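Here's the structure, in structure tokens; my notes come after.
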Amino acid sequence: MIELADILTARDRIAGRVHRTPTLSARSLGELAGVRLHLKAELLQKTGSFKVRGVLNKLLAMDPAERSRGLVSLSAGNHAAALAWGASAVGTTAAIVMPATAVPSKIDATRGYGGEVVLTEGNLLDTCLALQKERGLTLVHPFDDPLVIAGHGTIGLELLEDLPNLEVVLVPVGGGGLLSGIAAAIKGRRPDTWVVGVEPTGADIVYRSLKAGKPLRLETGPKTVADGLAAPFAGEHTQAQIQRDVDEIVLVEDEAILHALKLIVERAKLVPEPAGAAAFAALLAGAVKPERGAVVVCVVSGGNVDPAVLKRIL
């Protein structure tokens, strides 16, 4: 598991290479839930999501010989774009296995950043590992890696700097790398702050794994409008980190996510993807009930939204 020191090292390592995203007051949205709400705008991060933080920390810490062999990973979209961008930034190449059903704009973005996209209708992890073996590539896991987790933890440091009186933070959960990192940072400095992970009901692998006491795989593919949270399996590192540092995991329906997305667009003038609206959806739906007037942050994790989703809600 990672500690606060690992996150501080990650912050120094990636400083000046990624954006320090703003923590924005969202009074109108907060009034709907009776809290003093802020939005951590990671949708304004390079490549449109938080993913570059962990990717860059991993690549900069990696042995140059490992990098030079080329990189490989699997992703529904945001990690793919981040790895393609990161590979170009450090002078290597990346091949990313993506589902054939991935959002077309995310496929295009990954290619635009210089990544090789390998589409498959089969198991993403199995295809990725086969490609790694065939080409001798270096795997960069999308979430279950201590260096990736530590990179994401830099968000937690920024939150506490911006809001020293922070009481509750809600974080979207796919594979759990973002939640693990933020929770480690928050608990390392402010252990009384309540940390909540938010998963879609149709992609609740972390919730199920915690209940089972071990990382699981979904027997059928994830089914959620929040493709950025549709991890088909949980990780060992993230499982341990979440068990130690996260106070609660809650589930939210797709309908609530889309409603929250619409409100964020209309009132906060931000345009998140469904994954980025999940945290606020949980707050709005009452899955999490902070004390009235509590200082709350919802992490808006990404903004690479499928235009078809926007057309559906606006």
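Every number here is computed from the coordinates shown, using simple stated rules; none is lab data. Please read these numbers as outputs of a predicted model, since none were measured by experiment. Cβ atoms come from the backbone with ideal geometry, glycine included; neighbour counts cover every protein chain shown.
List of remarks:
- Between Lys223 and Ile313, the C-beta separation translates, for a Förster distance of 25 Å, into a calculated FRET efficiency of about 0.85.
- A Förster radius of 22 Å, combined with the Cβ-Cβ distance separating Glu266 from Leu44, puts the computed FRET efficiency at roughly 0.75.
- Cα centroid separation, the range 84-101 to the range 188-222 (Å): 27 Å
- Here each label is just a point 7 Å from Cα along the line to Cβ, and for Glu161 and Arg20 those points are 0.3 nm apart.
- Dimensions of the range 52-139 from C-alpha coordinates, computed as largest minus smallest value along each principal axis and given longest first, are 33, 26, 18 Å.
- Acute angle (nearest 10 degrees) that the helix 254-263 long axis makes with the longest principal axis of the chain, alpha-carbon atoms: 70 degrees
- Counting beta carbons within 10 Å around each of Lys311, Lys40 and listing the fewest first gives the order Lys311, Lys40.
- Cα-centre dipole for the range 52-139 with unit charges at Cβ (Lys and Arg positive, Asp and Glu negative), debye to 20: 200 debye
- Listed candidates (i) 210; (ii) 156; (iii) 112 - label of the one calculated as volume of the Cα convex hull per residue in Å³: (iii)
- A Förster distance of 45 Å, applied to the separation of the beta-carbon atoms of Ser68 and Arg244, puts the FRET efficiency at 0.80.
- Within the chain, antiparallel bridges make up roughly 15 percent of the DSSP beta bridges whose residues both belong there.
- Taking amide H atoms as placed 1.01 Å from N in the peptide plane, the amide H of Gly302 lies under 5 Å from those of Leu43, Glu273, Gly276, each 5 or more residues away in sequence or on another chain.
- Magnitude of the charge dipole, the chain, Cβ model with Lys/Arg +1 and Asp/Glu -1, debye to 20: 500 debye
- Cα centroid of the range 1-36 to Cα centroid of the range 235-265, whole Å: 16 Å
- Of all DSSP beta bridges in the range 52-139, antiparallel share, percent nearest 5: 0 percent
- Net length available on complete extension from Ser28 to Leu129 is 31.7 nm, with 0.36 nm assigned per residue and the Cα-Cα distance removed.
- Helix content alone sets the calculated 222 nm mean residue ellipticity of the chain: runs of n ≥ 4 DSSP H residues at -39500 (n - 2.57) each, divided across all residues, give -13500 deg cm²/dmol.
- Of the trypsin sites (Lys or Arg not before Pro) found in the range 140-249, the ones in coil according to DSSP and having at most 12 other Cβ atoms within 10 Å of their Cβ are Lys223.
- Ranked list, fewest to most other Cβ atoms within 10 Å of each Cβ, for Phe280, Phe143, Phe233: Phe233, Phe143, Phe280
- Ratio Rg/Rh, restricted to the range 1-110 and using Cα atoms, in which Rh is the Kirkwood radius: 1.06
- Folded to 0 to 90 degrees: helix 146-162 orientation relative to the chain principal axis, Cα: 30 degrees
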